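Presented below is the structure to which this report refers.
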Amino acid sequence: MKINSLFYEVYKDDILKCTLCPHECILYPNKKGICGVRQNIGGEMYSLNYADTTSMGLDPMEKKPLYHFHPGEKILSLGTWGCNLQCPFCQNYDISQEKPTNLRKVFPKALPAILENYENVHGVAYTYSEPIVWFEFVLDSARAIKYADPENYNVLVTNGYINEEALKLMLQYIDALNVDLKCFDDKIYRKYLKGSLEPVKRTIQLSIESNLHVEVTTLIVPTINDDLDMLEKEFIWLSSLSKDIPLHLSRYHPSYKFDKPATNLSFLEEAYKLAKEYLNFVYLGNVRKPEYESTYCPDCGVLLISRNGYNIDIKGLNPKGECENCGRKVVEV
């Protein structure tokens, strides 16, 4: 379904410039942007994927992954097609890089009622592909969820590649984000992902400054970002924002156009140890090792949340999300 885009301007005559993300694509009549879902139709910019849903269902919060936001809860998760980056190792390339044939229409006004059908489910996650290119739908949906019940929450799982004006509008209705920080080298962003680093850093920083819950994921891909010096720069930068930012270092597996072997586990463990020198909460993803998935209090060392995959055992947290032993705030509940 197409709907007028919120962020664009006339470039010249019937030529338009999209201003949603830093690509700022110049679109001649009938042309689409890099994302594949923004098109100049008759001198107006349209979003082509409004209400187009590739998948919808209940997920564990930890699948986003969010380990410090309502741990152990389920969240209604939905996604669309299209993306404004072109990662050659994309894990969801079948929906991010092309339009699927099996789509269902889900409109924002229906989401509060869908949410009410589930017991003890109070949030919606915009995930799977890239919610930034689903901007108008996500904005309308997030508003509807909040208007239905202010205690409901919205989660954005995103690559963070968005312009500041659009981001600030979106963040008014978002409670938590997991931002995919692909690497910490602008040249690699440009060469492999067809994007740039600084806008992603800005998204993380603005989200934290807006007092939202932010977690960061970095997929460690062989020959791309499996470099301890580069990773250390990332860890130092994140710690300058907050030592309490949860960081997920995930293991890559061959996908899409990339056939390099899976990330070496010993390298992941080295990266984990290095990250722990700067950050209080570091996790390894796609490895299924409880010692790298569980949460410990950084002050007193007590095991607070035991994780084995999506099997969650909350052991030492009080109802406020604090360590029962020492009172240290650890999670948002």
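Odds and ends about this structure:
- Residues considered: CYS83, CYS25. Of these, the only one that is modelled with pLDDT of 95 or more, touching an Asp or Glu at 6+ places or on another chain (Cβ under 9 Å) and over 20 Å from TYR153 (Cβ atoms) is CYS83.
- Subset of the stretch 154-209 (residues that are part of a helix (DSSP H, G or I) and among the polar types (S, T, N, Q)): THR203, GLN205, SER207
- Test: residue in the stretch 130-143 that is in a loop (DSSP other than H, G, I, E, B) and modelled with pLDDT of 95 or more: yes
- The lone criterion from (1) assigned to a strand (DSSP E or B); (2) in contact (Cβ under 8 Å) with a residue 40 or more places away in the chain left unmet by ALA275 is number (1).
- Condition broken by LYS99, with the remaining ones in (1) surrounded by fewer than 22 Cβ atoms within 10 Å (Cβ to Cβ); (2) free of Cβ contacts under 8 Å to residues at least 40 places away in the same chain; (3) not in a helix (DSSP H, G or I) satisfied: (2)
- Test result for ILE224, crowded, with 20+ Cβ neighbours inside 10 Å and of a type in the set (A, V, I, L, M): yes
- Residue in the stretch 211-218 that is assigned by TED's automatic domain parsing to the domain that holds LYS64, at pLDDT 95 or above, hydrophobic (A, V, I, L, M, F, W, C) and surrounded by fewer than 19 Cβ atoms within 10 Å (Cβ to Cβ) present: yes
- Residue within the stretch 144-151 that is buried (at least 18 other Cβ atoms within 10 Å of the Cβ) and within 20 Å of the chain's Cα centre (by Cα) present: yes
- In the set (1) polar (S, T, N, Q); (2) touching a Ser or Thr at 6+ places or on another chain (Cβ under 8 Å); (3) assigned to a loop (DSSP other than H, G, I, E, B), the condition left unmet by ASN280 is number (2).
Conditions tested, residue by residue: (1) outside any strand (DSSP E or B); (2) not assigned by TED's automatic domain parsing to the domain that holds ILE145.
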position: VAL10; (1), (2): no, yes
position: LYS17; (1), (2): no, yes
position: PRO22; (1), (2): yes, yes
position: ILE34; (1), (2): yes, yes
position: TYR67; (1), (2): yes, no
position: LEU76; (1), (2): no, no
position: GLY82; (1), (2): yes, no
position: CYS90; (1), (2): yes, no
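- Within the stretch 278-331, the set of residues being closer than 17 Å to GLU73 by Cβ, surrounded by fewer than 16 Cβ atoms within 10 Å (Cβ to Cβ) and touching a residue at least 24 places away in the same chain (Cβ under 8 Å) comprises TYR310, ILE314.
- Counting only residues that are outside any helix (DSSP H, G or I) and free of Cβ contacts under 8 Å to residues at least 60 places away in the same chain, the stretch 210-232 holds 12 of them.
- Taking each residue of the stretch 41-68 that is on the phi > 0 side of the Ramachandran plot and looking for partners that are among the charged types (D, E, K, R) and in a loop (DSSP other than H, G, I, E, B) with beta-carbon atoms closer than 6 Å, six or more apart or interchain, yields GLY43/ASP14.
The values are calculated or read from the model by the stated rules, or taken from the named source; none is laboratory data. Here the structure is a predicted model, which is why all the values come from computation and not from measurement. Glycine gets a Cβ as well: all are built from the backbone with ideal geometry, and neighbour counts include every protein chain shown.
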